[in-house]
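Working notes for the structure below.
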């Protein structure tokens with residue numbers, strides 16, 4: 001099973017790079033962050049406090065979830081809604097829930113088995129979910145550029161607010177007890193600051209070719 005794990009913080013370019021790499025290699029692509037956002041969206045939609053660990057975990061286990069070109073949550077297309085500022089602010093709390101992580105990690109591994117591998121992006125893919133991945137890449141970029149990228153994606157939010165949200169998310173993801181954001185020992189670290197997407201994609205493809213021998 002060929003798994004290419006692409007990890008990194010918000011705004012590092014994970015989604016853009018992972019999608020392009022998957023297309024170039026004719027592999028399926030999975031955005032695991034969308035899965036945590038979907039659980040967060042479902043909790044908020046049902047009036048469940050994201051900090052209620054037991055109820056959110058129960059919800060995650062029962063949730064019908066499909067993540068592909070669109071994100072479907074219990075039969076509802078939530079592709080746009082999971083990217084809302086409200087979900088963005090609450091998703092770190094849900095992602096820090098150990099029971100939620102156990103459930104979604106299991107689903108991620110089942111997805112990979114069903115698809116024969118794939119390009120999978122997130123924050124703990126190489127370090128926790130697929131420690132034996134064919135290739136592990138950790139993308140990063142300086143704080144200012146990450147905030148600028150995200151503020152362009154979220155036109156209804158100002159740069160300063162996005163920068164504050166990213167800093168808060170970085171801290172929450174890096175300090176949580178369950179699978180914190182970190183660089184796997186054998187991951188290749190790539191700084192995407194001021195680099196064209198095509199250049200980063202080419203480097204990941206080169207690394208993937210090397211790993212395949």
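Restricting to region 24-36, give me the number of residues that are out of contact with any strand residue (DSSP E or B) (no Cβ under 8 Å at 6 or more places or on another chain) and on the phi < 0 side of the Ramachandran plot.
Count: 2.
Is it true that residue 46 is under 16 Å from residue 93 (Cβ atoms), in contact with a strand residue (DSSP E or B) (Cβ under 9 Å, 6 or more places away or on another chain) and either surrounded by fewer than 23 Cβ atoms within 10 Å (Cβ to Cβ) or modelled with pLDDT of 95 or more (or both)?
no
Of everything in region 113-128, what is under 15 Å from residue 1 (Cα atoms) and surrounded by fewer than 24 Cβ atoms within 10 Å (Cβ to Cβ)? Give them in sequence order.
Listed by number, the residues that qualify are 113, 114, 115, 116, 117, 118.
Taking the condition crowded, with 16+ Cβ neighbours inside 10 Å, touching a helix residue (DSSP H, G or I) at 6+ places or on another chain (Cβ under 9 Å), modelled with pLDDT under 70 and under 25 Å from residue 4 (Cα atoms), does residue 179 pass?
Considered against the rule, which asks whether it is crowded, with 16+ Cβ neighbours inside 10 Å, touching a helix residue (DSSP H, G or I) at 6+ places or on another chain (Cβ under 9 Å), modelled with pLDDT under 70 and under 25 Å from residue 4 (Cα atoms), residue 179 comes out as yes.
Among what's in region 84-112 and is touching a helix residue (DSSP H, G or I) at 6+ places or on another chain (Cβ under 7 Å), closer than 25 Å to residue 147 by Cα and surrounded by fewer than 17 Cβ atoms within 10 Å (Cβ to Cβ), pick the residue that is modelled with the lowest pLDDT.
89
Looking at region 160-168, can you tell me whether even one residue there is surrounded by fewer than 20 Cβ atoms within 10 Å (Cβ to Cβ), at pLDDT 75 or above and not in a loop (DSSP other than H, G, I, E, B)?
no
Kindly provide the set of residues from region 185-202 that are under 17 Å from the mean Cα position of the chain (by Cα), assigned to a strand (DSSP E or B) and surrounded by 14 or more Cβ atoms within 10 Å (Cβ to Cβ), ordered by number.
Correct list: 190 only.
Tell me, please, whether a residue that is closer than 17 Å to residue 199 by Cα, surrounded by 23 or more Cβ atoms within 10 Å (Cβ to Cβ) and over 14 Å from the mean Cα position of the chain (by Cα) can be found in region 22-32.
For region 22-32, residues closer than 17 Å to residue 199 by Cα, surrounded by 23 or more Cβ atoms within 10 Å (Cβ to Cβ) and over 14 Å from the mean Cα position of the chain (by Cα): absent.
Report whether or not residue 134 is surrounded by fewer than 24 Cβ atoms within 10 Å (Cβ to Cβ) and within 17 Å of residue 18 (Cα to Cα).
Spelling it out, residue 134 is indeed surrounded by fewer than 24 Cβ atoms within 10 Å (Cβ to Cβ) and within 17 Å of residue 18 (Cα to Cα).
The values are calculated or read from the model by the stated rules, or taken from the named source; none is laboratory data. Please read all numbers here as calculations on a predicted model, not as lab measurements. Here Cβ is always computed from backbone atoms with ideal geometry, including for glycine, and neighbour counts include all displayed protein chains.
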